[in-house]
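These notes concern the structure reproduced below.
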Amino acid sequence: TRTQLTRLYMLLYYINHGFAGKMKIVEEPNTFGLNNPFLAQGSRLQPRVISYPVSGPAHLHRLAGKCFSLTESTYKYEFCPFHNVTQHEQSFRWNAYSGILGIWQEWEIVNNTFTGMWMRDGDACGTKSRETKVIFVCSANSKLAQVSEPSTCIYSLTFETPLVCHPHSLLVYPTLSERLQKEWDEAEQARYDGYITEQGYNNLLRDIFEDAGFLKSQKVKIKLPEVAAASTDTHNSLQKCTEVCIFLYSSK
């Protein structure tokens with residue numbers, strides 16, 4: 001083409017007039033910096049931990065593998081349910097920020113209801129890690145609606161979706177297996193009969209939620225001396241077993 005011929009003539013001119021030694025080759029822009037905007041955003045993110053397995057209401061599992069984005073001011077936020085939350089500065093500065101605001105770990109549960117999805121262990125922020133709470137709100141369409149930072153490095157994200165419009169869509173009890181539902185029923189009865197304290201009841205519920213995979217496990221294995229000494233024997237009676245269990249959960 002005419003443009004290519006022009007460039008060829010100019011190159012020959014430089015060579016013939018001794019200017020070739022002054023020519024300098026520079027690296028392409030996309031070789032600079034891990035946060036370079038010319039680089040694919042995903043390649044700039046280095047998660048500190050892996051995300052936890054998908055859990056919670058079965059109808060929300062269909063969100064796994066999808067991502068929803070929102071651009072506010074100079075930042076683009078991306079929410080990938082059951083995976084992570086990321087933030088990308090929309091700037092062509094060589095060190096534009098792109099990082100992880102949290103990785104999927106557990107649900108927040110209050111009064112038998114899933115009230116939020118916690119994304120933790122994001123990028124470092126001083127002496128702590130960034131984390132994000134995702135709140136689900138009923139809407140006609142699924143979209144990332146709002147992102148805020150109520151306190152330093154702790155973010156709040158509002159996700160709208162028709163998947164939570166049914167009044168029972170975020171109830172915990174229906175999502176449990178038959179075995180765990182039975183354990184919850186027994187805990188309720190034990191509290192009603194006064195066999196366990198409110199604290200003991202809450203500890204039992206947490207164990208149930210951990211077994212279901214809704215919460216990160218905080219269990220600590222305790223080996224009581226008297227139990228260890230009689231490890232080859234069974235409990236003398238159901239009553240003794242009940243007394244030990246009530247003591248353990250009431251004293252946690």
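The values are calculated or read from the model by the stated rules, or taken from the named source; none is laboratory data. Owing to the predicted nature of the structure, the values given are computational and were not obtained by experimental measurement. Cβ sites come from the backbone with ideal geometry, for glycine too, and all protein chains shown count toward neighbours. All accessible areas refer to the heavy atoms of the entire protein, side chains included, with ligands and DNA or RNA removed. Shrake-Rupley method; radii C 1.70, N 1.55, O 1.52, S 1.80 Å.
What to note about this one:
- When the solvent-accessible area of the stretch 43-170 is split by element, carbon and sulfur atoms take up 52 percent of it, the probe being 1.4 Å.
- Counted by Cβ distance under 14 Å from Ile103, the other residues give a net charge of 0, where Lys and Arg count +1 and Asp and Glu count -1.
- Charge dipole (Cα centre; +1 on Lys/Arg Cβ, -1 on Asp/Glu Cβ; no other charges) of the stretch 43-170 amounts to roughly 220 debye.
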